[in-house]
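K.L.:
Okay, handing you the structure first.
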Amino acid sequence: MGMLLPTALAARLLSLFQQQLGSLWSGLAILFCWLRIALGWVGSGRGQSQPQVPAESKETQEEPDSSQPMTPVSVNYHFTRQCNYKCGFCFHTAKTSFVLPLEEAKRGLFLLKQAGMEKINFSGGEPFLQDRGEYVGKLVKFCKEDLALPSVSIVSNGSLIRERWFKDYGDYLDILAISCDSFNEEVNVLIGRGQGKKNHVENLQKLRKWCRDYKVAFKINSVINRFNVDEDMNEHIKALNPVRWKVFQCLLIEGENSGEDALREAERFLISNEEFEAFLERHKEVSCLVPESNQKMKDSYLILDEYMRFLNCTGGRKDPSRSILDVGVEEAIKFSGFDEKMFLKRGGKYVWSKADLKLDW
């Protein structure tokens, strides 16, 4: 008798899903996740291929400050650390080459959706390095088509994106954010965004056009540092007319761009709070400007690493939780260090679906 309830439940779930699944493999992945949740298997590791999570993430975590459950409304998934650029201030460096198998990544995204995720942002490293953009393209399509997320976005340096990608996946992407720290190509080279004969600024113009052609909202991210803090970007930003221009203050993270075990030394890129404020003052007439100082940025993002572990930056490092694939979202997020009040204060929740932006394409 005890086996009848799980069997009946599995049959009902199969019936509900069989009309909606777009492909066999995606369908099996989602159905399996439903069965795991319904039968209480989440975190048990039963019947799944586990990623090889580093041993240090298995250590006993400190008790979280609050027992109140958090909702992962907006999540940044850094599924790869590999990159073709060498930005000197990078605070998510190529410490591993690991990337989850596609179906495992989908399973984790499904768990996040079940926990309340509304927006997913794919980042790196460089997201378009993996399978020439096919990996991130399939995840974008899955999140929009199968999970029906209101917002799906990508942050990229833009150097590897081809028009073919927009033709295949542009319908499923709400926002493409391109990292551009200077409109002077010599400064980009100094920062580490130089790549042979390719011109980062010229490529930015091409990507802006493709976003308009394929109806993807266009965004620019800039890290303000020692080499660009005195630059006047007003005219360039106004001409490109992004929906948002996110302006970050260069940030130190121990173990990433600072300290003995870091792959970068970002100290020479640092600017003072006063210098950052002066840059913002010089660009205050840019209506799409969204500033983020170190104080606003450090603890106000929910960050998942390549193993789908939340990264806690409250101690100035990126200390990982257990993977959501092992313990579920509710348990892992307790150790994320996420500051929801600062997330809302910095404007983390905004009009992030291209259907609601009402853009003049």
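The values are calculated or read from the model by the stated rules, or taken from the named source; none is laboratory data. What you see is a predicted model, and the numbers here were worked out from it, not measured in a lab. For neighbour counting, all protein chains shown are included, and Cβ atoms are generated from backbone atoms with ideal geometry for every residue, glycine included. To get the accessible areas, we keep the full protein, side chains included, count just its heavy atoms, and leave off ligands, DNA and RNA. Shrake-Rupley method; radii C 1.70, N 1.55, O 1.52, S 1.80 Å.
K.L.:
Please give every one of the lysines within straight-line cross-link reach of LYS349, meaning a C-alpha to C-alpha distance under 18 Å, and leave out same-chain neighbours fewer than 8 residues apart.
P.N.:
The qualifying lysines are LYS113, LYS119, LYS219, LYS246, LYS296, LYS298, LYS341, LYS358.
K.L.:
What number comes out for accessible area per residue over segment 74-349 if the probe is 1.4 Å? Units Å², please.
P.N.:
40
K.L.:
Ok, one more. Quick one: dipole size for segment 74-349, taken about the Cα centre, charges +1 on Lys/Arg Cβ and -1 on Asp/Glu Cβ, in debye to the nearest 20.
P.N.:
Approximately 760 debye in magnitude.
K.L.:
How much of the DSSP beta bridge set in segment 64-207 is antiparallel, as a percent to the nearest 5?
P.N.:
Here the share of antiparallel DSSP bridges comes out near 5 percent.
K.L.:
Excluding same-chain residues fewer than 8 positions from LYS167, which aspartates and glutamates have a Cα within less than 17 Å of its Cα?
P.N.:
ASP131, GLU134, GLU145, ASP213
K.L.:
Enter the Cα centre distance for the pair segment 284-350 and segment 164-185, rounded to the nearest angstrom.
P.N.:
23
K.L.:
Taking a quarter of the surface of the Cα convex hull of segment 158-284, what do you get in nm²?
P.N.:
Mean shadow area of the hull around the Cα atoms is 8.8 nm².
K.L.:
Considering only protein heavy atoms and a 1.4 Å probe, what is the carbon-and-sulfur percentage of the accessible area of segment 74-349?
P.N.:
46
K.L.:
For segment 74-349, what number results from the quotient of the Cα radius of gyration and 2.2 N^0.38 Å?
P.N.:
So the Cα radius of gyration is 0.95 times the expected 2.2 N^0.38 Å.
K.L.:
Calculate the dipole size of segment 73-164 relative to its Cα centre from +1 charges on Lys and Arg beta carbons and -1 charges on Asp and Glu beta carbons; express the result in debye to the nearest 20.
P.N.:
140
K.L.:
Taking only the C-alpha atoms, wrap a convex hull around segment 242-361 and report its volume per residue in Å³ as a whole number.
P.N.:
156
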